[in-house]
Amino acid sequence: MSYLEKINISALIGMALIIAWYASAIVPQLDNVPVEEISYGKKMIIAIIAHVVFVIGASILIAIKDRNGLNGKFESGDERDRRLEVRADAIGGNILSALIVPSLIMLMMDVQAFWIANALFLSLALTAMLSFVIKAIDYRRGI
Amino acid sequence: MGKATKITNDIRRLRFEADEMTQAELARQVDVTRQTIIAIEQGRYSPSLEVAFKIARAFKVPLEAVFEFPA
């Protein structure tokens, strides 16, 4: 498994954990707290920053563990990595475009900011996860 | 895993004939990762023309001696 493939798996795991944490922090409140009183902003920012920190941390740990290649040269990405990235990003981008539409409709209908913000957040998170999954499959199956 | 490309190659045999060149050594010469060489050998990745030519040059053979596209 190449370095970037391992980073991709780490990012996928990190995103799944972050989504699970965010959901566990917000969803239980929907039963007994009015939506306008749910504090989601800070948790959303924490989730985003946590994912970035997770991926950076995982990258460093994997880089330390995986210093392979000739003469200890660190193995960075090549054309295959770039091609997989472009393909996953293209598919993810198309999916994101579709997922944004419900948020736009909610905005036009003056739906509460809580739902719009979380719809957008979920769109971004799911799109990112989809990209990670596509790359993981392509790394194994080939393109 | 099924092959992702119809292009076949003889890289494994050519490596063996080239003093048992390792995948890592071929990767170094072609400037790709070892995993990419593995993926090419296993038919899971079709390299760019540039990389294909570099592989052929590493073995000092024509491109057609390395890669084949079935009719």
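The values are calculated or read from the model by the stated rules, or taken from the named source; none is laboratory data. Note that the coordinates shown come from a computational prediction; the quantities given were computed from them, not determined experimentally. Glycine gets a Cβ as well: all are built from the backbone with ideal geometry, and neighbour counts include every protein chain shown. Quick note on the areas: whole protein, heavy atoms, side chains included, nothing else; ligands and nucleic acids left out. Shrake-Rupley method; radii C 1.70, N 1.55, O 1.52, S 1.80 Å.
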Selection count, the range A:28-43, where residues are surrounded by fewer than 11 Cβ atoms within 10 Å (Cβ to Cβ) and assigned to a helix (DSSP H, G or I): 5
Residue, nearest to the other protein chains (Cβ to nearest Cβ), within the range B:1-14, restricted to residues that are out of contact with any strand residue (DSSP E or B) (no Cβ under 7 Å at 6 or more places or on another chain) and in contact (Cβ under 8 Å) with a residue 40 or more places away in the chain: B:Ala4
Tally up the residues in the range B:26-45 that are facing another protein chain (nearest Cβ under 8 Å), within 18 Å of B:Thr8 (Cα to Cα) and not aliphatic (A, V, I, L, M), please. 6
Residues being at negative phi and open to solvent by less than 10 Å² (accessible area, probe 1.4 Å): count how many of those fall in the range B:22-50. 9
Scanning the range B:1-17 for residues that are of a type in the set (A, V, I, L, M) and modelled with pLDDT of 95 or more, the one surrounded by the most Cβ atoms within 10 Å (Cβ to Cβ) turns out to be B:Ile11
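For the subset of the range A:127-143 comprising residues that are assigned to a helix (DSSP H, G or I) and within 14 Å of chain B (Cβ to nearest Cβ), which member is nearest to B:Thr36 (Cα to Cα)?
Step by step, filter the range A:127-143, then rank; the result is A:Tyr139.
Yes or no, residue by residue, for (1) assigned to a helix (DSSP H, G or I); (2) without any contact (Cβ under 8 Å) to a residue 60 or more places away in the chain; (3) over 30 Å from B:Thr5 (Cβ atoms):
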| site | (1), (2), (3) |
| --- | --- |
| A:Ala50 | yes, yes, yes |
| A:Ile62 | yes, yes, no |
| A:Arg82 | yes, yes, no |
| A:Asn94 | yes, yes, no |
| A:Ser97 | yes, yes, no |
| A:Ala117 | yes, no, yes |
| A:Leu120 | yes, yes, yes |
| A:Ala125 | yes, no, yes |
Looking at A:Ile62, A:Ile56, A:Ile95, which is the one that is out of contact with any Asp or Glu (no Cβ under 6 Å at 6 or more places or on another chain), open to solvent by 80 Å² or more (accessible area, probe 1.4 Å) and of a type in the set (Val, Ile, Thr)? A:Ile56
